[in-house]
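Structure, as structure tokens:
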Amino acid sequence: MISLLKLEDDIDFWRRPDQINRFADLMITPNNSQHVIHYLSIRNIDYEILIDNVRTLVQNERDQMVKIQKRLEMLRSDQTDITAEFWQSFQRFDAVENLMNYLQNKYPNLVEKINFGKSFEGRELNLLRIGANSNDKKPVVFIEGGIHAREWISTAFVTHFANQLLLGYNNQEANIKTLMETFDFYIVPLLNPDGYEHTHTKYRLWRKTRSTQASGSCIGADPNRNFGYEWGGEGTSTNPCSEIYPGKKPFSEPEVKAETDYIMKNLAGRALVYVAVHSYGQYLLYPWGWTNKPTPDNDRLNSMAKVATDAMAKRYESKYIYGMSTTVLYAASGAGDDWAYGEASIPYSYTLELRDKGSYGFQLPPEQIIPTSEEAGDDFWQQPTSINDYNAKIMITQRNRVKVFKYLQNRQIQFKILHSNVETLIENERNELIESDRLFQSLKADFKDGNKSEAIVGFWIKYHRYKDIDKFMNALSKNSDNLVKKFILGKSFERKPIYSICIGNSSNSRKPVIYIQGGIHAREWISPAVVTYFAQQLVNGVRNSNPSVIKLMNTFDFYITPVLNVDGYEYTHEKNRLWRKTRSTNWQSFFRRGCRGVDANRNYDYDWAAKGISANPCSETYAGDKAFSEPETRAEAEFLLKKLGKRVQVYIAVHSYGQLWLYPWGNVRKDSPYVEKLSAKAKIATDALYQRYKTRFKYGNSAEILYAASGAGDDWAHGKASIPYVYTVELRDRGDYGFLLPPNQIQQSGEEITDAFMAMFLAIKWLRSFSQSMYQLGYVFSGIIIAWISDQYGRKFALQISIAFELLGGLLLILSPSIHLYTLARLILGFGDSGRGMCLYMLLMETVGTRRRSDVIMGCNFGWIVGYLLLPIIAYILHNYVLVQLLATMGMTVMAVFWLPYLPESPRWLIANEKYERAKSILQKACKRNNRVEEFEYKFESLKNKATKLITTGKTVEEHEQQQSDGEKFMTLWSMVTHKKYCMMTLILWFSFFVNGFIYHGFSLNVEIIGGNVFINFALAGLVEIPSVVISLIGMRYIGRKAFIISTIVSAAFCYATIATFRILWANLSDNDIMLVSLSMLGKMFIFATFNAIYIHAGEIFPTKLRQSGVSSCSISARAGSTIAPFVKDLVS
């Protein structure tokens, strides 16, 4: 490519190859085509011809414009509504001028046409000022179009946008009305009119201006390389004939000079936004373009760009890429957006590259003008209002007060004084604390005595010192009947103990964990107050038998750290109320007062010290000299990783203020792979929070909603500790009091956050059960669909479809980025699993003779048991469901490739469907392998004749042999319900299957409810199926199907009824009591034996043509029970 770049004067690069692994678009002449193609081919550089003949495309474009020219004659008259068809075609310079005049005349109070100079060839340079009640104080949005001559869509979009502003305001559209009243829009439709006209009359793909250069033979300069900021650097050429020649000096082009002079003279300090509109590529770019180093405002520019591109994608799903110019596109010095940001100090400067991505390039068809303008216009409806909403709250010293006010006023930045004296606010808070402390003292006796009902009365009428929070945890632990356990998480820098509590109603060491952290920032007193309030509500809920609380306590253990930054928290009570950091020492702290400590929420080892931090030890956001330098963050991380490990499902860091519910990532402005489930749960929480006091919390990605910050606890928890649900909650308020929230708001804040936590945690708990139910629902659908396919088209074909769905479900589970796709994948997997199992069962039933049928089927069950036993071992070793599922999917793939092709169709199904030749071939092979070839032909013909007679008469073998005389018609599935002889038997079977499915899967999917180690429990549940198979073999052979089914189901019922009785009589009985565990396993053994027998019994009742449909109807009944089985554990409460 470097060699090709040397031929740049002979090759027109529409999109330059300035980055590795980035496509380049180039236009070559017929003379160079063979050379370029040969060059690319010998270097194995892939290429694609997008436009075979640009000349033909240009001619087609001209022909199309001529055809509609007659319809556009109205544009020449001021008496006609020229906007009616203005954007049906690309317009000439005169038509654009005519439109500007028309808009000014039609909207005299909103539009002013302003001349700001002349082009090189003497054409007027005009802009439109559009705004409601325009004045010299309003902030300005400046939009530049048509700087590159061949980019016709740029001028079309800019004029369309101007018209939409006016129409929207005239129609009282709320968002446009707000924009027009907030901003003045200065819109330049055509900055390069000379080049633009040249593209219409001479050369369609001309890019530059039309000024004469010193070389004489080469005309024009690239105006977007002619701005006087880093002029003549990278991305330009010193050759005057080049497309990217920047001119002989900065601002050499009169068009560029006129525009920049006007901005600096008339809009300096007012211009808030600058957008240069170009084509093509579908990009939204921001500075810098001359260097790959980001601007100081990179995060802010990036955030607004995302807002804009998201808006543009909504209408026509056009994807625009956003980012820094040099990173996303290529380096270009002397560009307009860099000048606007770097020289004119316009804070939001962008280059918008419109449609398309290369199919038409600069020759976008006219029919795309309006769609392009509509989607790009959506960008502007979002972006300026988002900018206008970008508020910051700062505290300044009296010494800096005048200087800051003057800075803001000079830049027309509106501000509001929330608190004129923070010291007064702190003093008022201290007085309130004294009053509330007097009230609290009257309750302290009860507190010391550990009175269960009164221990915490009045605790949340004030903010407490750490020693009182410690006493609160002692009282909670002492009076909770072992529900609460207090322990030391670690020690602070000043060697103070960091206390935490565990709230849980069992000794199950495998229960999922919800971890809540409070008080990491010292001055955020409301955080420990709300965290302790929630802990108390959990305990109260258990005492009062609150069903929702009990459901949560049966599912999760809660680990709560009320104050992580103990040293800093105490320091805010003793010295500096607004201290934020820890109290550790560093080298600066020995020389400068106030330079102690580290921002603990920038000290975690995930993208540590990258952004949103300071390297200055005196800064509020100092991240420390290394990750986990602070003993507080290190202690928490070690506890979560080493003690709790993969049990932690939820991590919540409670902060203040801002009323925000944030989720990762915070270090970069992009979403977590699990953004859908994080967002869904955040919405549930904020909706629940709103119900009580109508407090509105905003939720979303941390970096986008708040600001980017590396090394935060939530990012570490999600990225390093692999905790799926991670949130940072910023409590009340939105700035009226900030960190000094009055104590009278503690209780309300605690109540609404408790509502939010409960709703979110219950939703997370329910989703675990729901995904299991969706798996069982897949079984139901499979029982209907696969059964019909199997009976109509064969067992093997149905088996192939089932395995295909099984593989698809497995792959979706592995790749699913969201909980919604995960749940769908479980449904698909269940569909495939059920179909595979039922088809293989039918093949066994129809291939093995009645004498050995039960033995073979029972023997095959040992394969199921081996897999059942291996699963907890594999899960324990891998400890990652994606890897476990990957292993299972690989096994299924091997089976599909190496085993399935050799599996024969069911001979019985083939004969029943009169496919005798295929059946004969399969049976003949089987006879040869078993040395039973004698008299095969005679026996097969006899079987064929018998089958033909049966098919003709519509009777089963047994019916035919018994020669029943009552003239019954062939039995269908419906007749089994309606016919008096079979109705009771069918209903009993369906009920038996439902009960078996509910009990078997209710136990298998919820082994954790019996306590102990979940892996061992799962393995034990598999082991008991071995004796179950043995007793099934013996029982069915010697006492018969019916008697065996009755005896095993009664035995299972006895085991589970005994457990229920013991639970009622001895409520305090431990979950993992040996007697309860033994009875549970015994019941599982009997119910599995019933399942084995009942499937064989059902399969022997139905005739061949309807056997799978009949058995599947029973299976559907079983799966109805299985579908509700995952919620069995919820019945405990």
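When restricted to residues that are assigned to a helix (DSSP H, G or I) and either at pLDDT 80 or above or of a type in the set (G, A, S) (or both), segment 1012-1022 contains 3. Please work out if L869 is surrounded by 14 or more Cβ atoms within 10 Å (Cβ to Cβ), in a helix (DSSP H, G or I), modelled with pLDDT of 80 or more and assigned by TED's automatic domain parsing to the domain that holds N1092. Spelling it out, it is not the case that L869 is surrounded by 14 or more Cβ atoms within 10 Å (Cβ to Cβ), in a helix (DSSP H, G or I), modelled with pLDDT of 80 or more and assigned by TED's automatic domain parsing to the domain that holds N1092.
Among the conditions (1) out of contact with any Phe, Trp or Tyr (no Cβ under 7 Å at 6 or more places or on another chain); (2) surrounded by fewer than 22 Cβ atoms within 10 Å (Cβ to Cβ); (3) not in a helix (DSSP H, G or I), V654 misses just one, which is (2). For L190, the criteria (1) closer than 17 Å to E144 by Cβ; (2) assigned to a loop (DSSP other than H, G, I, E, B); (3) in contact with a strand residue (DSSP E or B) (Cβ under 7 Å, 6 or more places away or on another chain) hold in every case but one, which is (3). A single entry from I723, I786 fulfils the requirement of being out of contact with any strand residue (DSSP E or B) (no Cβ under 7 Å at 6 or more places or on another chain) and touching a residue at least 60 places away in the same chain (Cβ under 8 Å): I786. The single residue among G490, G504 that is farther than 25 Å from H573 by Cβ, surrounded by 17 or more Cβ atoms within 10 Å (Cβ to Cβ) and small (G, A, S) turns out to be G504.
Please give the number of the condition D755 fails out of (1) touching a strand residue (DSSP E or B) at 6+ places or on another chain (Cβ under 8 Å); (2) not assigned by TED's automatic domain parsing to the domain that holds L578. Here D755 clears every test but (1). All conditions but one from (1) touching a Phe, Trp or Tyr at 6+ places or on another chain (Cβ under 7 Å); (2) in a helix (DSSP H, G or I) apply to H200; the one that does not is (1).
Consider segment 324-364 and keep the residues that are among the charged types (D, E, K, R) and farther than 16 Å from F157 by Cβ. The one that is modelled with the lowest pLDDT is K357.
Just for segment 273-297: of the residues that are touching a strand residue (DSSP E or B) at 6+ places or on another chain (Cβ under 7 Å) and at pLDDT below 90, which one is surrounded by the fewest Cβ atoms within 10 Å (Cβ to Cβ)? So that I can check it myself, show each step before the final result.
The first filter runs over segment 273-297 and keeps only residues touching a strand residue (DSSP E or B) at 6+ places or on another chain (Cβ under 7 Å), leaving 273-288, 294.
After this cut, where a residue has to be at pLDDT below 90 as well, the list is 279-282, 294.
Values: S279: 25, Y280: 24, G281: 20, Q282: 22, P294: 17.
Per the criteria, the residue is P294.
G750 fulfils the conditions (1) buried (at least 20 other Cβ atoms within 10 Å of the Cβ); (2) at pLDDT below 90 except for a single criterion, (2). Give the number of residues within segment 669-681 that are touching a residue at least 60 places away in the same chain (Cβ under 8 Å) and either assigned to a strand (DSSP E or B) or out of contact with any Lys or Arg (no Cβ under 7 Å at 6 or more places or on another chain) (or both). Number of matching residues: 7.
Residues in segment 1060-1090 that are modelled with pLDDT under 80, over 19 Å from E1025 (Cβ atoms) and part of a helix (DSSP H, G or I): A1060, F1062, R1063, I1064, L1065, I1074, M1075, L1076.
Where in segment 515-628 are there helices (runs of 4 or more DSSP H), lying wholly inside it, with at least 3 residues that are without any contact (Cβ under 8 Å) to a residue 40 or more places away in the chain and in the same structural domain as R669 (by TED's automatic domain parsing)?
On the way: elements: 526-543, 547-555, 566-574.
In segment 515-628, 526-543 are the helices (runs of 4 or more DSSP H) which contain 3 or more residues that are without any contact (Cβ under 8 Å) to a residue 40 or more places away in the chain and in the same structural domain as R669 (by TED's automatic domain parsing).
Looking at (1) in contact with a Phe, Trp or Tyr (Cβ under 6 Å, 6 or more places away or on another chain); (2) of a type in the set (V, I, T); (3) within 24 Å of G358 (Cα to Cα), can you tell me which one I176 breaks? It fails just one condition, (3). Taken over segment 302-321, the criterion of being surrounded by fewer than 22 Cβ atoms within 10 Å (Cβ to Cβ) and either modelled with pLDDT of 90 or more or of a type in the set (A, V, I, L, M) (or both) is satisfied by V307, A311, A313, I321.
Does F991 satisfy the criteria of being assigned to a helix (DSSP H, G or I), surrounded by fewer than 21 Cβ atoms within 10 Å (Cβ to Cβ) and at pLDDT 80 or above? Yes: the conditions hold for F991. Checking the structure you have, find out if any residue of segment 589-611 is at pLDDT below 90, surrounded by fewer than 24 Cβ atoms within 10 Å (Cβ to Cβ), touching a strand residue (DSSP E or B) at 6+ places or on another chain (Cβ under 6 Å) and farther than 30 Å from P512 by Cα. For segment 589-611, residues at pLDDT below 90, surrounded by fewer than 24 Cβ atoms within 10 Å (Cβ to Cβ), touching a strand residue (DSSP E or B) at 6+ places or on another chain (Cβ under 6 Å) and farther than 30 Å from P512 by Cα: absent.
Taking the criterion of being outside any loop (DSSP other than H, G, I, E, B) and either crowded, with 17+ Cβ neighbours inside 10 Å or of a type in the set (K, R) (or both), the residues of segment 96-111 that qualify are V96, E97, N98, L99, M100, Y102, L103, Q104, K106, V111.
The values are calculated or read from the model by the stated rules, or taken from the named source; none is laboratory data. A quick note: this is a predicted structure, and the numbers were derived from the prediction, not measured. Methodologically, a virtual Cβ is constructed for each residue, glycine included, from the backbone with ideal geometry; neighbour enumeration extends over all protein chains shown.
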